[in-house]
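Following: one structure in structure tokens, then a few remarks.
Laboratory data are not the source of any read-out in this text; all were calculated from the coordinates shown. Owing to the predicted nature of the structure, the values given are computational and were not obtained by experimental measurement. Glycine also receives a Cβ, built like all others from the backbone with ideal geometry; neighbour counts cover every protein chain displayed.
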């Protein structure tokens, strides 16, 4: 129940960030709506296709309405959003942490091996952005400099560890999401990034 | 039955338009064939993956042959096609209208909510072109200036309305496809487009 | 059994070639790992999504470990790899031939029509590379100059022919993979390519 509400908040926030990303491109309103849709729901959709599970937005149209409301809100309040962009970045980071744990949980509930469940967490958290960037004709941000996949994996490992220690699920969820969010924020503030491949090679 | 024949015509015409689009890129014959395939069948394939339904071209190889024939026809008769490009544009618009109603129908027959069924209509009609443009390394045309998603939605709403009024299906189908086609043609002639996001923001 | 070992070798080699391809882009280590993953497993994954079959790397995590090991090997031994790049090209060609026959076999075992089974061979062999290039923001290589789809189809036709003649499967497999590999190598040495569409038109 708490998880569903948090999921809805994540979808709403990602829709806004998707629409704002599209507005930097020469896209029209319809293009922006599609980009908002894939940013918010693409990662979870890919996960459910791979796992042959029912797809959330097909089962429950509220996800669709949330994308539409989020897009309209981003269009209507873009000046306000610009002012509160630090708060938005915080929400976006919480959304990423949340999607990571939701995907990981789904993998664990299907009794997948740990590494596979972790991959499904990362797919849920990051592939919305990957599809958004691919459709926008860019090399996905997350392949180049955003380090949040690393933050996701750290949060996922914490979640698995606390679960093994039988920490109550709500406390575990909050701790893991806080870890993902904190790492991402620290990384962005410090401008840390992973080594580039052509530096390595 | 009528629907299947019209579907076949749509696939044939979209194959030709896919191959002609690929020929503006530095692609070889094999690349052109793949682009023709995804343009003609990509939207319906994505719809059926999402809905966990059997995929038409896997069940019925005639769809594959139609793509091959359409591609050969486009290669062989490209000078003729250039002369009749207005007729082709008409066929292409009819194909879009048809794919919209086929996708919408499929969604309705699975008892999806109206908004979800509409989305599946739009996916069927437009995602072949979106995949084509993404593979060709372009921002999809439909996100930038083609307004036919709007035409599709108008046609879909008419179809749902006439269905609620219990208008016979054939008449409903024809009316809705005619509406999509007409809107698209008027829009292209008048050079109407949706507002760009960066004009809005 | 032999097939599984060969499949593992194919995945390992494709991971290395995926990571090396990513290193020519300004990607970080995480981006390289994703590109290695999709290059090695993307074609088979798309095939199994379309056929509604269990996906190999979800059932068996060894495929995931192989991608990780292959990526680390490519990072660690890249200077050695550069020296043996002709051997790597050979392995890569064998991998393509193998993936072609694995995909074709899967299609035939599901009693699909021949042309559909051939398409699934080609998807298995080539779509990893197509997704890699699309995520790297390039027009897929195979649409522009790599002729190996043609080599794949030739090998697939040989496999079907020898199967009809009831040639034992191992001999058939080896012959078909050798044919694909040989054609690809000859084609690359001779710099043959398919005609470009804009030469045709």
Above 29 Å lies some portion of the pair distances; for chain A, what is it as a whole percent of all C-alpha pairs?
20 percent
Proxy reagent accessibility, fewest Cβ within 10 Å first, across A:134, C:39:
A:134, C:39
Taking the C-alpha atoms of the stretch A:161-201, convex hull volume expressed per residue in Å³
84 Å³
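Can you work out the FRET efficiency for the pair residue C:186 and residue B:62, with r the C-beta to C-beta distance and R0 = 41 Å, to the nearest 0.05? Present the calculation step by step, with values, prior to reporting the outcome.
Working: r = 35 Å, r/R0 = 0.85.
The pair residue C:186/residue B:62 has a calculated efficiency of 0.70.
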Most mobile of C:94, C:49, C:185 in a GNM of chain C (Cα contacts under 10 Å):
C:49
Please compute the contact order of chain A in relative form: average sequence separation of alpha-carbon pairs under 8 Å and at least six residues apart, divided by the residue count, as a percent.
22 percent
Less than 15 Å from a label point 7 Å out along the Cα-to-Cβ axis of residue B:174: which backbone N atoms in the stretch B:1-24 qualify, by residue?
B:2-3, B:6
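How high is the relative contact order of the stretch A:47-165, in percent, with contacts defined as C-alpha pairs under 8 Å that are six or more residues apart?
Numbers: 85 pairs, mean separation 23.9, N = 119.
Relative contact order here is 20 percent.
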Find the relative contact order for the stretch C:33-84 and round it to a whole percent, using C-alpha pairs within less than 8 Å whose residues are 6+ positions apart.
35 percent
Exam field: residue B:54 pseudo-label spacings to other copies (7 Å along Cα-Cβ), nanometres
2.4, 2.4
Between residue C:137 and residue A:193, take the C-beta separation as r, use R0 = 30 Å, and let me know the FRET efficiency to the nearest 0.05.
0.95
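Report Rg(Cα)/(2.2 N^0.38 Å) for the protein assembly as shown, keeping two decimals. Show your work: numbers first, answer last.
Numbers: Rg = 24.2 Å, N = 603, 2.2 N^0.38 = 25.1 Å.
Ratio of Rg to 2.2 N^0.38 Å for the protein assembly as shown: 0.96.
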Considering only C-alpha atoms, what is the centroid distance from the stretch B:70-117 to the stretch A:1-29, in Å?
31 Å
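Would you list A:192, A:62 from fewest to most Cβ contacts within 10 Å?
Numbers: A:192 12, A:62 15.
Fewest to most other Cβ atoms nearby, the residues stand as A:192, A:62.
If each residue's Cβ is checked for other Cβ atoms within 10 Å, how do B:23, A:176 rank with the fewest at the top?
Values: B:23 22, A:176 27.
Ranking B:23, A:176 by Cβ neighbours within 10 Å, fewest first, gives B:23, A:176.
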